[in-house]
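S.K.: Quick one: structure below, then a few questions.
All of the numbers you see were taken from the coordinates with simple rules; none came from a lab. Note that this is a predicted model, so its numbers are computed, not measured. As a convention, Cβ positions derive from the backbone with ideal geometry for all residues, glycine included, and neighbour counts pool all protein chains shown.
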Amino acid sequence: MTDFLQTPLFGIVLTIGAFALAQWLYQRTRMVFLNPVLVAIVAVILLLSAADIPYSSYAHGGDIILFLLGPSVVALAVPLYQRRQDIARRKNVILIGIFFGALASIVSACGIGWLLGGSPDVVLALSPKSVTTPIAISIIENLGGVVPLTAATVVLTGCLGGVCGPEFCRLIGVRSPVAVGLAVGTAAHGIGTARMMEIDRLSGAVAGLAIGLNGLFTTFLLPLLMLFFRG
């Protein structure tokens, strides 16, 4: 059993099994707070803690799942291609919205961290919270930030956005599928996009576009803004 825990298969089986059970639970209840990603994360953490299994043992397989996040983001090009004509008609609005969404995300995260007295490393780690995990980790690695904190913040942001984002948009009167998809995709990256795919295909396609463009804008904006915050 100990040998199995040290193999990548353990992390892969645990991750897929937890997500499959969480997806089954969500399909049965349709409760937004039982988001499969959120439930699977909590289940894995509780299991590792209860069984006193070190994270390093899980990470052998978990890192393989993390690597697959990159190709999964590329796969979002399929619904984007299917709705390309609808998106092309709104390209200017979409580009402007994603740019200012990326800017607001960075400024809000850095501003809150700075006002609460966070160190420069903590502020930097919080800054790409709305960028999909592979891009966020790459950005922080190049800027010298705390990668584990960034990964945790990104996942938490995605879960909260996926659970609350569409409902919040409806609460404030936003009904346009493009507007909702744009907001959730920009703020909550892949997890929010997966939620939008369930609600509306056009919203999901726009959210998928927002993931890539938000990552691009953040890559250019973040180094410039960090000069300001560090100054």
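S.K.: Can you list the equivalent-ellipsoid semi-axes of the range 1-67, largest first and in whole Å, using the square root of 5 times each Cα gyration tensor eigenvalue?
M.R.: Numbers: eigenvalues 111, 28, 17 Å².
The answer is 24, 12, 9 Å, longest axis first.
S.K.: What does the charge count near residue 94 come to, summing +1 for each Lys or Arg and -1 for each Asp or Glu among other residues with Cβ under 15 Å from its Cβ?
M.R.: Numbers: positive: 83, 84, 89, 90, 91; negative: 86.
Once all neighbours under 15 Å are counted, the net charge is +4.
S.K.: While we're looking at this one, here's another question. For the range 1-67, calculate the relative contact order in percent as a whole number, restricting contacts to Cα pairs under 8 Å that are 6 or more residues apart.
M.R.: This gives 49 percent for the range 1-67.
S.K.: How much length is gained if the chain between residue 174 and residue 146 is pulled fully straight, taking 0.36 nm per residue apart and subtracting their Cα-Cα distance, in nm to one decimal? Display every interim value, and only then the final one.
M.R.: Details: separation 28, 0.36 × 28 = 10.08 nm, distance 3.57 nm.
Contour length minus the Cα-Cα distance gives 6.5 nm.
S.K.: Calculate the FRET efficiency for residue 156 and residue 82 from the Cβ-Cβ distance with a Förster distance of 41 Å, rounded to the nearest 0.05.
M.R.: Numbers: r = 31 Å, r/R0 = 0.75.
For residue 156 and residue 82, the calculated efficiency is 0.85.
S.K.: Starting from the Cα coordinates of the chain, work out the convex hull volume and express it per residue in Å³. Could you put the intermediate results ahead of the total?
M.R.: On the way: hull volume 31.2 nm³, N = 231.
So the per-residue Cα hull volume is 135 Å³.
S.K.: So if R0 is 45 Å, what FRET efficiency would residue 53 and residue 219 give, r being the distance between their Cβ atoms, rounded to the nearest 0.05?
M.R.: 0.80
S.K.: Let me check against my output: what whole-number percent is the relative contact order of the chain, with C-alpha pairs under 8 Å and at least 6 apart? Mind showing how you got there, number by number?
M.R.: On the way: 300 pairs, mean separation 45.7, N = 231.
In percent, rounded to a whole number, it is 20.
S.K.: Taking the Kirkwood radius as the inverse of the mean 1/r across Cα pairs, report the Rg/Rh of the range 66-197. Show your work: numbers first, answer last.
M.R.: Values: Rg = 15.2 Å, Rh = 15.5 Å.
Here Rg/Rh amounts to 0.98.
S.K.: To continue, here is another question. Find which of 112, 212, 227 sits farthest along the positive direction of the dipole of the range 75-230, computed with +1 on the beta-carbon of Lys and Arg, -1 on that of Asp and Glu, about the Cα centre.
M.R.: 212
S.K.: Then there is this: What nm value, rounded to one decimal, do you get for the distance between residue 89 and residue 116 when each label is placed 7 Å out toward the C-beta?
M.R.: About 4.3 nm separates the two model spin labels.
S.K.: Before rounding to the nearest 500, sum -39500 (n - 2.57) across all DSSP H runs of length at least 4 in the chain and divide by the residue total; then give [θ] at 222 nm in deg cm²/dmol.
M.R.: Working: 13 runs with 194 residues, N = 231.
Dividing the helical sum by the residues of the chain leaves -27500 deg cm²/dmol.
S.K.: So if the hydrodynamic radius of the range 109-164 is defined as the Kirkwood radius over C-alpha pairs, what does Stokes-Einstein give as its diffusion coefficient at 20 °C and 1.002 mPa s, in µm² per second? Let's see the in-between values first.
M.R.: Values: Rh = 11.1 Å.
Stokes-Einstein gives a translational diffusion coefficient of 193 µm²/s.
S.K.: Suppose a student asked you for the relative contact order of the range 148-231, using Cα pairs under 8 Å spaced at least 6 residues apart; what percent would you report? Please list the in-between numbers first.
M.R.: Details: 92 pairs, mean separation 21.5, N = 84.
It rounds to 26 percent for the range 148-231.
S.K.: Points 7 angstrom from Cα along the Cβ direction at residue 16 and residue 42: gap in nanometres?
M.R.: Reported label-point gap for residue 16 and residue 42 is 2.5 nm.
S.K.: Within 10 Å, at most 14 other Cβ atoms, and a DSSP state outside H, G, I, E, B define an exposed site. Report the longest part of the chain free of exposed trypsin sites (Lys or Arg not before Pro).
M.R.: Values: sites that count: 30, 175.
Between exposed loop sites, the widest span is 31-174.
S.K.: Which helices count as membrane-span-like in the chain under these terms: full DSSP H, at least 20 Å along the axis by C-alpha, Kyte-Doolittle mean of 0.0 or more?
M.R.: Numbers: long enough: 8-29 (32 Å, 1.00); 36-50 (21 Å, 2.93); 91-115 (35 Å, 1.77); 147-171 (34 Å, 1.24); 201-230 (41 Å, 1.45).
Counting only whole DSSP H runs, the qualifying helices are 8-29, 36-50, 91-115, 147-171, 201-230.
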